[in-house]
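The structure under discussion appears below in the form of structure tokens.
The values are calculated or read from the model by the stated rules, or taken from the named source; none is laboratory data. It should be emphasised that the depicted structure is a prediction, and the values quoted were computed from it without experimental measurement. Note: ideal-geometry Cβ built from the backbone for every residue, glycine included; neighbour counts use all protein chains shown. Accessible surface is based on the protein model in full, side chains and every heavy atom, while ligands, DNA and RNA are left aside. Shrake-Rupley method; radii C 1.70, N 1.55, O 1.52, S 1.80 Å.
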Amino acid sequence: MTVAIVLAAGTPAAGQPTAAGDTLGDTLADRLAEQWHRAGVTHVRRAANLTELATLVDAATGPVIVSGTDLVAHTAVLRHLATSPVGPTVALVLTDPPAPGQAVVREERGQVVDAGPDGRLDGGQTGVFGGALRVGRDDLPALAAAARAAVAGTPIAGTDPAAVAGTPPAAGPEAAGSAVDRLFTGLTALGTLTFAHRVRLLVAHRVADPAGLAAAEAAVAAVDEDRAELRLSVKEKDDFFTTFFVSTWSPYVTKASAKLGLTPTGVTAISVLFAAVAAVLFGVGGRPALVTGAVLLYLGFVLDCVDGQLARYTRHFSAWGGWLDTMADRAKEYLVYAGLGYGATAAGFRYGWALAVAAMTLQTVRHMTDTWYGVLHDEAARRPKAVGGGGGGIGDRLNAASTRVQADTGSLSYWLKRTVVFPIGERWALIALTVALFGPLVSLVAVLTWGVLAFAYTGALRTLRARWMWVPVLDTVDATLHRDDGPIAARFPVLRPMGPLTLAVLGALGPAALLVAAGLRVRAGDEAGGLAWAVPVALLVLLVAALGAGAAHNGPLDWLVPAALRAGEYLFAIAAGVVGGAPAWVVFGYVFVLTLHHYDLTARLEKRQAAPPLHGATLGWEGRSAVLAVAAFAGFAGIAMATLGAYLLVVFVGSVVLAWVVLPARARRGVGVPAGGEVRQPG
């Protein structure tokens, strides 16, 4: 249950007379209360001062929205703030010049990293606090503490008293300045992770007098609220192909989907169906089938954009929807790779399935680095003083150059930077064009070529920038979970001097060497089964990575450890399958199931969800590799791979059912099992 509190105390607008004789603050408070109701908030309260607000917060059992009485905005702005999926605690941030007493903010990657009076921020301001914020349930104690500290005029431990109260310490708690601004400044000073909610296309202003009120009301009336919301459903910054070949017309599909009553999950399901049919057509072959498949692939990608746009337009966000959107994106892409691999093989190319497995492995490892680099950047934004700890140099210059390019929206360098990394829109476009014009083989080769180049480019630049930032991230989460260690790794000694990343990379070299040797034998016409003796050796080399399981993952590049472990496990599974004579499609299927398992971990990380309920039954990367090693050495790798893959798929489905159906149902019945939380926006 969300509660909205309209806070009147200390608002500069309070006490200003209107033509009707009422005070401006009271008039706006009444309107805001009505707007919060229309925005979907069922319980709206009034607080005359911060003491009353702290009492209301103490009694709250769900998220709390706090707004001053000087805010004039579209109701949609309030609804967007109340339903924002970016995080539990979100503040409205405006581009208006700050008025006396209003707090200004500094943002990094959408997070408020500092807030305080105008002119007192270290590093400069990027916006002004909009007078409204939503505070998640877990942050309510901090909100109450900030309110009481602002009332007492006392500093919060480790903070500047002026930053907490919003005024110089000598001015006292009742000095000039809005109570909501002093509250927000104090909450930020406590280190509460707060995300910034910007207003685009719609209107929101803070007013201090009747003239300002009239101007703000005129600005609100001049904007078509529904049309603006439809345009806002499109991501502000997207990739080149999506921006110019999808988002130019997808809002019409979004509007139609809303009128038909479709849900974002329903649109996601249709998108998966389109991709699956396209994959089948790619496998069938023949120019009509390939062209039809390319068209369906494009339409499926349009729907992949529409599901997120529909969620933003209708404000239907859920943890389940966000998780499903991430998992569906990867699953349908790899289904398309399977169709291309089958089609290339059916057309007479011996290694069609091998190219499909390679494309899937490359893309998964790339995504692992993307995920953890994003976590690294978010952590660096939350700890800005740690940035630069590596001494500047080339990393500092690269970071500054990247920031300049990203800020130059629409320039040639901006689009080149966004395109060269080979995002999903460009991948789908490349597949559709190449398969329609040339066929599955050329399509797979094109995906692999661009993917390798993009991986080399991003890997090199990110490594340099990460060394400059020197911000550990794996030590802020459950490293064992995200390494995907099993019971065998837990029993290994710790080899600290070499570091977990070095050990993970060394471990991957053994499977890589075995795969190269097996591939050369197959190409020469020999049986790869003659290398069965080398499988246990490659396993021993792979297990070197387990020596870093218990070490601290706080190095500047340790965010690469999960990707290195994924690469090592996938390479070993492929090599064991080749040596053991497993059918190529079985190898693809097994690695596909592994990707589902690992994407589940990263999706839960991004959506702030708990670990999969049955994660302990997945054996860990080292346990699964040991099973395959025994099977390949004994000569039944295909059977073992199919059986283990089926087992892991059952465990994965079981975890999904438990996490998204059984446990939430128990929580609703009052059993006390925690359900899913708030999530980021879907794609």
- Message: Looking at (1) open to solvent by less than 30 Å² (accessible area, probe 1.4 Å); (2) modelled with pLDDT of 95 or more, which one does ALA381 not meet, given that it meets all the others?
- Response: (2)
- Task: Can you tell me which residue within the range 608-627, out of those that are without any contact (Cβ under 8 Å) to a residue 60 or more places away in the chain and more than 30 Å from ASP138 (Cα to Cα), is surrounded by the most Cβ atoms within 10 Å (Cβ to Cβ)?
- Result: VAL627
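Is the range 231-247 home to any residue that is closer than 17 Å to THR434 by Cβ and surrounded by fewer than 17 Cβ atoms within 10 Å (Cβ to Cβ)?
yes
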- Task: Check PHE455, PHE422, PHE438 and return the single one that is over 24 Å from the mean Cα position of the chain (by Cα) and surrounded by 13 or more Cβ atoms within 10 Å (Cβ to Cβ).
- Result: PHE438
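Looking at this structure, is ALA466 assigned to a helix (DSSP H, G or I), touching a residue at least 40 places away in the same chain (Cβ under 8 Å) and under 23 Å from VAL375 (Cβ atoms)?
Values: assigned to a helix (DSSP H, G or I): yes; touching a residue at least 40 places away in the same chain (Cβ under 8 Å): yes; under 23 Å from VAL375 (Cβ atoms): yes.
Yes.
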- From THR248, THR242, grab the single residue that is touching a residue at least 40 places away in the same chain (Cβ under 8 Å), of a type outside the set (A, V, I, L, M) and either in a loop (DSSP other than H, G, I, E, B) or over 23 Å from ARG134 (Cβ atoms) (or both). THR242
- Message: What's the total number of residues in the range 251-268 that are in a helix (DSSP H, G or I) and open to solvent by 60 Å² or more (accessible area, probe 1.4 Å)?
- Response: 3
- Note on the structure: Every listed condition ((1) in a helix (DSSP H, G or I); (2) in contact (Cβ under 8 Å) with a residue 24 or more places away in the chain; (3) open to solvent by 10 Å² or more (accessible area, probe 1.4 Å); (4) under 26 Å from PHE492 (Cα atoms)) holds for LEU649 save (4)
- Message: I need the helices (runs of 4 or more DSSP H) fully contained in the range 483-561, keeping only those with at least 1 residues that are farther than 20 Å from SER625 by Cβ.
- Response: 500-523
- Message: Looking only at the range 473-490, filter to residues that are among the acidic types (Asp, Glu) and under 15 Å from ARG604 (Cβ atoms); which one of those is surrounded by the fewest Cβ atoms within 10 Å (Cβ to Cβ)?
- Response: ASP478
- Message: Condition check: crowded, with 22+ Cβ neighbours inside 10 Å, in a strand (DSSP E or B), basic (Lys, Arg) and in contact (Cβ under 8 Å) with a residue 24 or more places away in the chain. Does ARG134 satisfy that?
- Response: yes
- Residue satisfying all of: in the range 193-219; over 30 Å from ASP139 (Cβ atoms) and open to solvent by less than 40 Å² (accessible area, probe 1.4 Å); nearest to the chain's Cα centre (by Cα) among these: ALA219
- Message: Anything in the range 607-666 that is under 30 Å from ASP378 (Cβ atoms) and polar (S, T, N, Q)? List them, or say none.
- Response: GLN609, THR618, SER655
